[in-house]
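Heads up: the structure comes next, in structure tokens.
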Amino acid sequence: MTKLKLYRIGIVIIASIVFSSCKLGRFVVYNFADIKDYKKFPSRSLKTNATKFKFHSVLKGKYPETLKYGGKTVAFDKVLEDNKTVAFLIIKNDTIQYEKYFKGYNQESIIPSFSMAKSITSILIGCAIDDGLIKSIEEPITNYIPELKKNGFEKVTIKHLLQMTSGLKFSESYFNPFGEAASFYYGRNLKREISKLTLKRTPGEKFEYVSGNTQLLGSVLQGALKDKTITQYFQEKLWTPLEMEYDASWSLDKKKEGTEKTFCCINARARDFAKIGRLYLNKGNWNGKQIVSKKWVEESTKMDTTEGSDEGYQYQWWLPSNDGDFMAEGILGQFIYVNPSRNIVIVRMGKNNGKVNWSDLFNLLAKYPQK
């Protein structure tokens, strides 16, 4: 047998091993999370309706061409473009004061949320409590995911998941094809992966940001909803009431009877993501209707260091400073930033984070003197 034939046989064997595992095959092909990932996975759709909320018309000249940032004067647009931004909006008093798109993107471009979906999952948990579907965040999650009793999860509460203090054993690395994050992201059976989860420490001892907590929140929510899908509940509680401008979707692990990836993967437009920020800016109220309780919004975004919680993170929302601001954040630099004292919402979407400390820039822009 020639060396060429041996080489070809070897390639076939390797390929068959790799692609025999759907997860590993997806990992090899896609390698890492990408802004086009909404095209790669099956999804459930979210539909807009006839009534659409639109922010007031863009005002010109509210933000300067240059800005003092990082100890020097910089061109604002250039900072955004050079750091892989594809969409950037600044909204104050319901008026878009800055809106720019880069890298071939525009107002109608679909952009995946990545981990900003964690904050939206938290909102839906609040809605489910308001609706009486979930009794309390102090409930053990095994009330809704009974199959985890065998894995010792009886002492893990919904609050532990919300605050990332569950003690879950979970690798957050997307570079390890055999780790949990890759299995959750690329795999085709989230329920099976969840059934394998274990704990590495006592719940309530330490904060550790891992996506498994939010996927478990999704399982809690699905258990509470019973036959209704999470996407259907999202449509009912948020997408329709917030009068979103466009259709959207939530990515699934598989096409048939798929499970929503609640730790990531809501695919929408920048302006509609901004409406999530507006809802929380107004304490859960949308034009006179309370969508989620004010109490839930306040509890979700307050600093708390008890029971192992971290001062910079609460119920799936990041708290970047002591100014009362908060934000949803995704792995490639996707942000919904809210500053209630300044009445400002900022949305930044990108191909990656670039080299900017975005929370510092958002805080600076929020304080920028208006003309």
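The values are calculated or read from the model by the stated rules, or taken from the named source; none is laboratory data. Quantities reported herein were computed from a predicted structural model and do not represent experimental measurements. Here Cβ is always computed from backbone atoms with ideal geometry, including for glycine, and neighbour counts include all displayed protein chains. Only protein heavy atoms, including side chains, enter the accessible area calculation; ligands, DNA and RNA are left aside. Shrake-Rupley method; radii C 1.70, N 1.55, O 1.52, S 1.80 Å.
The set of residues in segment 66-80 being surrounded by 13 or more Cβ atoms within 10 Å (Cβ to Cβ) and either on the phi > 0 side of the Ramachandran plot or assigned to a strand (DSSP E or B) (or both) consists of 66, 67, 69, 70, 74, 75. Among the candidates 256, 200, 237, 228, the residue that is closer than 30 Å to residue 288 by Cα, open to solvent by 30 Å² or more (accessible area, probe 1.4 Å), of a type in the set (Lys, Arg) and without any contact (Cβ under 8 Å) to a residue 40 or more places away in the chain is uniquely 228. Out of (1) in contact with an Asp or Glu (Cβ under 9 Å, 6 or more places away or on another chain); (2) within 24 Å of residue 293 (Cβ to Cβ); (3) not aromatic (Phe, Trp, Tyr), the odd one out for residue 120 is which? Only one criterion is unmet by residue 120, namely (1). Selection of first residues in segment 24-41 that are part of a loop (DSSP other than H, G, I, E, B) and aromatic (Phe, Trp, Tyr) and of second residues that are modelled with pLDDT of 85 or more and open to solvent by less than 60 Å² (accessible area, probe 1.4 Å), restricted to Cβ pairs under 8 Å at least 6 apart or on distinct chains, gives the following pairs, ordered by first then second residue: 41/251; 41/252; 41/253; 41/261; 41/265.
Annotation: of all residues in segment 287-301 being of a type in the set (D, E, K, R) and out of contact with any strand residue (DSSP E or B) (no Cβ under 9 Å at 6 or more places or on another chain), the one that is surrounded by the fewest Cβ atoms within 10 Å (Cβ to Cβ) is 289. Looking for something open to solvent by less than 20 Å² (accessible area, probe 1.4 Å), within 25 Å of residue 144 (Cβ to Cβ) and not acidic (Asp, Glu) - is there at least one such residue anywhere in segment 267-275? Checked segment 267-275: no residue is open to solvent by less than 20 Å² (accessible area, probe 1.4 Å), within 25 Å of residue 144 (Cβ to Cβ) and not acidic (Asp, Glu). Taken over segment 81-117, residues that are of a type outside the set (A, V, I, L, M, F, W, C), out of contact with any Asp or Glu (no Cβ under 8 Å at 6 or more places or on another chain) and over 21 Å from residue 282 (Cβ atoms) amount to 11. Put simply, of 166, 119 the only residue that is in contact with a Pro (Cβ under 6 Å, 6 or more places away or on another chain) and either within 30 Å of residue 64 (Cα to Cα) or surrounded by 22 or more Cβ atoms within 10 Å (Cβ to Cβ) (or both) is 166. With the structure loaded, tell me whether residue 206 is out of contact with any Pro (no Cβ under 8 Å at 6 or more places or on another chain), over 24 Å from residue 137 (Cβ atoms) and open to solvent by 50 Å² or more (accessible area, probe 1.4 Å) or whether it fails that test. Against the criterion (out of contact with any Pro (no Cβ under 8 Å at 6 or more places or on another chain), over 24 Å from residue 137 (Cβ atoms) and open to solvent by 50 Å² or more (accessible area, probe 1.4 Å)), residue 206 does not qualify.
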